[in-house]
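The numbers here are math on the coordinates, done by the rules we state, and not lab data. Remember, it's a predicted structure, so these values are computed and weren't measured experimentally. Note that each Cβ is placed from the backbone with ideal geometry, even for glycine, and that neighbours are counted across all protein chains shown.
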């Protein structure tokens, strides 16, 4: 269990208090909704209101704009606790941060003042749109174009797999501004607002997991976006996206850790209640071995995730490596632990009366989004080998 | 409106670890302390009243020196400040001592209303609020299901739960109201509330600060004495029924029918 963790990991008193508050809320108000959110595949607006009302969506935003100015670890603790009960609900915070990160990292004061107060209060939602049908792991292959025309850019193209794309009031969109520029200098980032002419939802995807979280195709049909909505400099888009991932991937790692913990909690409780051969199955060594591996690997993933948060927050030169390593390990852990949780519950684990089959379906996405596990390995390996590269004469 | 809410740290009932120590006093180390459940309902009512009518909520507690940790949660819900009466001489106090001490502390505060939970989950005597009102000569409106103050007219109306329904009471302010859970679920502290609570003032008062003689209150002059306590008889083995509602219902009915209970 995570009860002893505050002392083990030296969370600050404030972090421990906030985590406790989010945990109570998740257990009492979010967990009872999780199965229905999955079954109905409808976005839980009530949970959004709950998170907004408790200031949880304010965590990543600066205090000057109504936020709490929380550090990365604190945001991740909140995501972890919510994900332990319901991954779809944890995405409400994770994506609010993800979508806003380009503005947090590269937005002007005027842009922050304009959009952050409503985002921090949860009055508006924001999404992040980089991926396209032909540009997933390779964002440099982006085809959406932004062409300068007077005081506007004209956006043309289609984005795919955009979490919250259909419900967001704002979307940070990455588009090619200079097709002649080198691969990593041709993108720019824009804030597209709901209601702009030519901006619409193409379709919604039907998914294996995180079913209450709408995943949309977004269509930009000659959308005129004012220059004032460009985030950062022209050509800075790729760099903004990569810096965004340094801070958002630990959030997905935290989500995976919460998910693993949630599944482990269910499996451990079940093992003490389910009787076979005249005793609780938790007394059987084969079940104990499963549970022990689940527990140990969840703690290992948690420790790496928190360490990654600290490294990113401290401005480590290899922040990208830390973020990728955390998501890699935590995502794989979530997949394995949720699968083993189903195993501990046996046939019952395969039924929707128990939450572990939902958790197993939800876990898969943590190995896919914000970069597949293969991309995380690529990031880690490149960073690792760079350190050992012999100096060129 | 200036409202004082009486709050008491009690052992967390959810921990199931309430017990007496070797002196037959509550063993406060056995279970983590939380704000008494009914006091949270009183606090929620107070916060709603100040949201509607303006004003401030002050917490008043008589408790050991470790209490501020527990009171922070009540401050995080939205109370502005806390007053904690804490003195080594108060260990082992009976309800009469508690009543005298809280009344003395209230004499140092300005208020229009005092709210209290109907009882506490550890002692469950349920007489302190009435005693405080009696000592201070305040109107005592008990078992409130609704509280409607009219600060301009200087009066308060309370719906009191009665065996047959409700009694409607009216009294001049200031008054003391004991609060029931019918008033509405306490809120969750918001994250901003939790952060703000860390810097809110909790003023600690000793008996000397209140002008009370340590020999006149506390365990040495307790009017009641605890002779012992026993845990309730252990329940039989618990059987957990799982499955769809239909399946579960069938299983429960079969279980009861087998024992000729239905």
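According to the Kirkwood relation over distinct C-alpha pairs, the hydrodynamic radius of the range B:6-78 is 13.3 Å.
Treating the angle as unsigned and between 0 and 90°, give the value, to the nearest 10°, between the Cα long axis of helix B:37-53 and the longest Cα principal axis of chain B. Here the helix axis deviates by roughly 50 degrees.
Per Stokes-Einstein, at 4 °C and 1.567 mPa s, what whole-number D in µm² s⁻¹ belongs to the range A:339-393, with the Kirkwood radius over Cα pairs as the hydrodynamic radius? Roughly 92 µm²/s, to the nearest whole number. In vacuo Debye scattering of the range A:16-55, one point per C-alpha: log10 I(q)/I(0) at q = 0.24, 0.25, 0.28 Å⁻¹? Values, matching the q order: -0.82, -0.86, -0.98.
The angle between the Cα long axis of helix A:72-85 and the longest principal axis of the Cα atoms of chain A comes to about 50 degrees, rounded to the nearest 10. A compact globular protein would have a Cα radius of gyration near 2.2 N^0.38 Å; the ratio found for the protein assembly as shown is 1.13.
Can you run the Rg to Rh ratio on the range A:31-132? Use alpha carbon positions and the Kirkwood inverse-distance Rh.
In the range A:31-132, Rg relative to Rh is 0.98.
What is the ratio of the Cα radius of gyration of chain A to 2.2 N^0.38 Å, with N the residue count, to two decimals?
Numbers: Rg = 21.2 Å, N = 393, 2.2 N^0.38 = 21.3 Å.
Relative to the rule-of-thumb radius for its length, chain A sits at 1.00.
Computed from the Cβ-Cβ distance with R0 of 41 Å, the FRET efficiency linking residue B:81 to residue A:64 stands at 0.95. All C-alpha to C-alpha distances of the range B:94-150, sorted into 5 Å bins beginning at zero, yield P(r) values of 4, 17, 30, 25, 17, 7, 1, 0 percent in whole numbers. Computed over the range A:159-260, the range of Cα coordinates on each principal axis works out to 44, 30, 22 Å, biggest value leading.
Each of A:74, A:12, A:197 was scored by other Cβ atoms within 10 Å of its Cβ. Listed from fewest to most, they are A:197, A:12, A:74. Computed over the alpha-carbon pairs of the range B:1-160, the distance histogram in 5 Å steps reads 2, 9, 18, 23, 22, 14, 7, 4, 1, 0, 0 percent, short to long. Computed across the range B:208-262, the Kirkwood hydrodynamic radius from all distinct Cα-Cα pairs reaches 17.0 Å.
For chain A, averaging the sequence separation of C-alpha pairs within contact (under 8 Å, six or more residues apart) and dividing by the residue count gives a relative contact order of 16 percent. Taking label positions 7 Å along the Cα-Cβ direction at both residue B:152 and residue A:110, the computed distance is 4.7 nm, reported to one decimal.
For the range A:267-393, the alpha-carbon radius of gyration amounts to 1.35 times the rule-of-thumb value 2.2 N^0.38 Å expected for a compact globular protein. Put in order of Cβ neighbour count within 10 Å, fewest first, the listed residues A:115, A:322 become A:115, A:322. Compared with the dominant Cα axis of chain A, that is its longest principal axis, helix A:237-273 is turned about 20°. For the range B:165-262, the equivalent ellipsoid derived from the alpha-carbon gyration tensor has semi-axes of 47, 27, 21 Å in decreasing order. Can you classify the range A:191-324 as rounded, prolate or oblate using the Cα gyration tensor, where a ≥ b ≥ c are the square roots of its eigenvalues, rounded means a/c under 1.5, and otherwise it's prolate if a/b beats b/c and oblate if not? Verdict is oblate for the range A:191-324.
The share of Cα pairs per 10 Å bin across the range A:136-207, counted from zero up to the longest distance, runs 17, 50, 28, 4, 0 percent.
Which value does Rg/Rh take for the range A:245-301 over its C-alpha atoms, Rh per Kirkwood? Ratio of gyration radius to Kirkwood radius for the range A:245-301: 1.16.
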